[in-house]
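Engineer: Just dropping this structure here.
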Amino acid sequence: MERYYQPEIECASREQILAWQNERLVKQVQNVWDNVPYYRAKMEAKGLTPADIKGVEDLHKLPFVTKDDLREAYPYGLVARPLKDCVRIQSTSGTTGKRVVAFYTQHDIDLWEDCCARAIVAAGGTDEDVCQVSYGYGLFTGGPGLNGGSHKVGCLTIPTSSGNTERQIMFIRDLSATILCCTPSYAAYIGETMKEMGLTPDQIPLKAGIFGAEAWSEEMRQDIQNTLGIKAYDIYGLTELSGPGVSFECSEQTGMHINEDHFIAEIIDPDTGEVLPEGSQGELVFTSITKEAFPLLRYRTRDICVLSRKQCSCGRTFVKMCKPRGRSDDMLIIKGVNVFPSQIEAVLLEQGYAANYQIIVDRVNNTDTMEVQVEMTPEMFSDQLSAVADKEKQLVAALKAMLGIYAKVRLVAPKSIQRSEGKAVRVIDKRKI
């Protein structure tokens, strides 16, 4: 039986959802016009005033906001409330330029925690559960978001944060944790460590996992589910919008429901910015319609995906987004071909390898090169060199079939690729582009 945290919202009629969105969008546009000079200038540059936005059908008129805007307006340029009304900041682990800092009022935190509570209940969580939050705490949104959501559901919450894997496993077993929240790569590592300890899935009390903050494939999901004996659910979010819980998976596990009472989603052509018809693949754009302190309108996420309004068997009426199929910015272009790390991961898991790999891209004599380093399983490691060379050839062929280009493959010793307790570093791009 499907459970909901806020059934009257999660299962509302499309008309009701649209009515909320229209009303809240109009209010939010007026809010940023009045309180955020940076936004007002952007709107004026397009010849717009709040009177031009009467509802969702006018959303496409508004200017986009990108990470560049966030850097330019850093730190306070996009804050819509006096700082005395803000109670917290969170920040992204930005790899380039200034970090993105997002601001929250207490009301913003309450709504964010509601979104995370919806995700926990969708994964089967109740006040009888023990929820271990192994996302990083601190500036990273993963830990604080799921921690708050777990409290709202009434779960006994274990705020382990990431790292110290032996201690994580001790708590899972001693305190009978039933729900694990962390990045998928860390869940896979916890599973791998448990296996090495000789633990079988029926000796692990976990029943569900909520994994997000990085791209992961369907094959990796199956792998984690089998190792830990759980159902693995996807969760999606961005610090810029609040954090995890922008969307979440239900029992159907076929995409994530977007919390449409708080966020309006669009799919655009990443090159032209044109809004694409429903069912098209393109870049995901979000407008936050309930945020007080840090409201973003038409924020370009750079995530590539598809939205679906197909009726879901779980009973929720929120639109669904597929797993992001890569990003329009960290997508690798190698010899003119678009390559997503998730495609490489799918091939490796299909061929029986664990999802421990690194892609090294370089440019030699003006030609792009790509090497995929893949950890062998302990069984393979004992094989003769000729057998290892044959396995490398098989992987080269499988990757060529998937990507359409040649990638060198190097099988390396088990555990030789550095493990990550947060987001896995999958790509090392040495090209000077």
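The values are calculated or read from the model by the stated rules, or taken from the named source; none is laboratory data. Source: prediction; values computed, not measured. Don't worry about glycine lacking a Cβ; one is built from the backbone with ideal geometry, like all the others, and counts go over all protein chains shown.
Engineer: Please determine, by comparing only the residues of segment 333-356 that are of a type outside the set (A, V, I, L, M) and assigned to a loop (DSSP other than H, G, I, E, B), which one is surrounded by the fewest Cβ atoms within 10 Å (Cβ to Cβ). Steps first, please.
Structural biologist: Looking only at segment 333-356, we keep the residues that are of a type outside the set (A, V, I, L, M), and these are 335-336, 338, 340-343, 345, 350-353, 356.
Restricting the remaining residues to those that are assigned to a loop (DSSP other than H, G, I, E, B) gives 335-336, 340, 351-353, 356.
On the way: Lys335: 13, Gly336: 7, Phe340: 19, Gln351: 14, Gly352: 10, Tyr353: 20, Asn356: 24.
So the residue we want is Gly336.
Engineer: Can I ask one more? Working only within segment 252-287, note down all residues that are touching a Leu at 6+ places or on another chain (Cβ under 7 Å) and of a type in the set (Val, Ile, Thr).
Structural biologist: Ile264, Ile267, Ile268, Thr287
Engineer: Let me ask another. For segment 321-338, indicate whether the set of residues that are modelled with pLDDT of 90 or more, of a type in the set (Val, Ile, Thr) and either on the phi < 0 side of the Ramachandran plot or not assigned by TED's automatic domain parsing to the domain that holds Glu15 (or both) is non-empty.
Structural biologist: The answer is no, given that none of the residues of segment 321-338 is modelled with pLDDT of 90 or more, of a type in the set (Val, Ile, Thr) and either on the phi < 0 side of the Ramachandran plot or not assigned by TED's automatic domain parsing to the domain that holds Glu15 (or both).
Engineer: Is it the case, given these coordinates, that Thr301 is part of a loop (DSSP other than H, G, I, E, B), buried (at least 17 other Cβ atoms within 10 Å of the Cβ) and among the polar types (S, T, N, Q)?
Structural biologist: no
Engineer: Tally time: how many residues in segment 385-419 are within 13 Å of Tyr357 (Cα to Cα), assigned to a loop (DSSP other than H, G, I, E, B) and either outside the structural domain of Gln373 (by TED's automatic domain parsing) or among the β-branched types (Val, Ile, Thr) (or both)?
Structural biologist: Residues that pass the stated criteria total 1.
Engineer: Could you tell me which of the residues Gly245, Gly273, Gly209 is within 24 Å of Ile304 (Cβ to Cβ), at pLDDT 95 or above and not in a loop (DSSP other than H, G, I, E, B)? Please lay out each step first, then the result.
Structural biologist: Values: Gly273 fails: not in a loop (DSSP other than H, G, I, E, B); Gly209 fails: within 24 Å of Ile304 (Cβ to Cβ).
After applying the criteria, what remains is Gly245.
Yes/no per residue for (1) in a helix (DSSP H, G or I); (2) modelled with pLDDT of 95 or more:
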{"site": "Gly47", "(1), (2)": "no, yes"}
{"site": "Lys54", "(1), (2)": "no, yes"}
{"site": "His60", "(1), (2)": "yes, yes"}
{"site": "Val79", "(1), (2)": "no, yes"}
{"site": "Gly94", "(1), (2)": "no, no"}
{"site": "His107", "(1), (2)": "yes, yes"}
{"site": "Leu111", "(1), (2)": "yes, yes"}
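Residue-by-condition table, conditions (1) surrounded by 18 or more Cβ atoms within 10 Å (Cβ to Cβ); (2) over 30 Å from Gly237 (Cα atoms); (3) out of contact with any Cys (no Cβ under 8 Å at 6 or more places or on another chain):
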| residue | (1), (2), (3) |
| --- | --- |
| Gln358 | yes, no, yes |
| Val361 | yes, no, yes |
| Asn366 | no, yes, yes |
| Met380 | no, yes, yes |
| Ala389 | no, yes, yes |
| Ala401 | no, yes, yes |
| Ser416 | no, yes, yes |
| Arg419 | no, no, yes |
